[in-house]
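*Asks:* First the structure, which I've put down as structure tokens, then a few questions once you've had a look.
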Amino acid sequence: MTNPYVPILVMMAVAAVLALGGVGASAIIGPKRYNRAKLDAYECGIDPTPLAIGGGRFPVKYYLVAMTFIIFDIEVVFLYPWAVNFTELAMFGLIAMLGFLALITVPFIYEWRRGGFEWE
């Protein structure tokens, strides 16, 4: 009788060989034409500066957009399994999901009222 973990270890070894092989092959075979633009740091199309505009502080809108992404990402992560097992969860699942959606709606409305979705 073989160990049940052998197939998992073999798959991990194959994945590691493919990943390292791809990185190694691109380093050996890939073109090496460097110029100033390729070696420069990239920050969303804006020329990088030692300090952000306005004395080193990022605008709050940056964080609001990031928080909105996280909120809706978490919402999708919780809604998908609920939708898959909708019939098994019955009324308890429906009430729990409606409560969750109500809690998620609070920061959405807060950000909307504060003008977080308005772009300049």
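*Asks:* If we sort 8-18, 22-32 on the protection proxy, mean other Cβ atoms within 10 Å, highest first, what's the order? Walk me through the numbers on the way to the answer.
*Replies:* Details: 8-18: 10.1, 22-32: 8.4.
So the order, starting with the most tightly packed, is 8-18, 22-32.
*Asks:* If you take every residue apart from I104 with its C-beta less than 12 Å away from the C-beta of I104, what net charge results, scoring Lys and Arg +1 and Asp and Glu -1?
*Replies:* -3
*Asks:* Still on this structure, please answer the following. Cut-off is 10 Å between beta-carbons; in what order do K61, K38 appear when sorted fewest neighbours first?
*Replies:* Numbers: K61 14, K38 8.
Arranged by neighbour count, lowest to highest, K61, K38 become K38, K61.
Coordinate-derived values only; no laboratory data. Nothing here was measured: the structure is a model prediction, and the numbers come from that model. Counting neighbours? That spans all protein chains shown, and the Cβs are built from the backbone with ideal geometry, glycine included.
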